[in-house]
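I have placed the structure first, in the form of structure tokens, so that the comments after it can refer back to it.
Read-outs: derived from the displayed coordinates by stated rules, not from any lab. Since we're looking at a predicted model, the values are computed, not measured. Please note: Cβ atoms are built from the backbone with ideal geometry, for glycine as well, and neighbour counts cover all protein chains shown.
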């Protein structure tokens, strides 16, 4: 879920969250049994949020808490990066079917490289993809970790994304 939200929050446009997305609630198909709603598929996303759902998201160690906290953290990072405002998006070919990558560039020359690993296993990407940063040190602002290629390759954890920017 956080992998998909990382794309929603960084690829461009206005991010959209449906009620319950921040809690990991599943689609609600009960609308199909109600005559006045069954022809309107939008009801699948109109999930009632209960006090119990909210409490579960506050409980450390739960998947709901991990999602809520991860999403909150990503939103804070997004707010701090001008390059995720008015910018151009360029999809990048990675030659790895498990990796989806794109670059954001704004008029001030700020750059962000997002790389998303859709595999259940770590994946590797040639460090040449960092050339857009012109030799400056790069960090993943989602994890606040510096990016250091190993043997000329970047290692991407399973089902994770990175937002790479020039280290400040």
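Here are some notes:
- Any hit, region 54-68, residues being outside any helix (DSSP H, G or I), free of Cβ contacts under 8 Å to residues at least 12 places away in the same chain, loosely packed, with under 14 Cβ neighbours inside 10 Å and at positive phi: yes
- Residue in region 12-34 that is within 25 Å of residue 119 (Cβ to Cβ) and assigned to a helix (DSSP H, G or I) present: yes
- Residue in region 70-91 that is buried (at least 18 other Cβ atoms within 10 Å of the Cβ), touching a residue at least 24 places away in the same chain (Cβ under 8 Å) and in contact with a strand residue (DSSP E or B) (Cβ under 6 Å, 6 or more places away or on another chain) present: yes
- Output for region 36-52, where each listed residue is in contact with a helix residue (DSSP H, G or I) (Cβ under 8 Å, 6 or more places away or on another chain) and in a loop (DSSP other than H, G, I, E, B): 37, 38, 40, 46, 49
- Check on residue 20, in contact (Cβ under 8 Å) with a residue 40 or more places away in the chain and within 22 Å of the chain's Cα centre (by Cα): no
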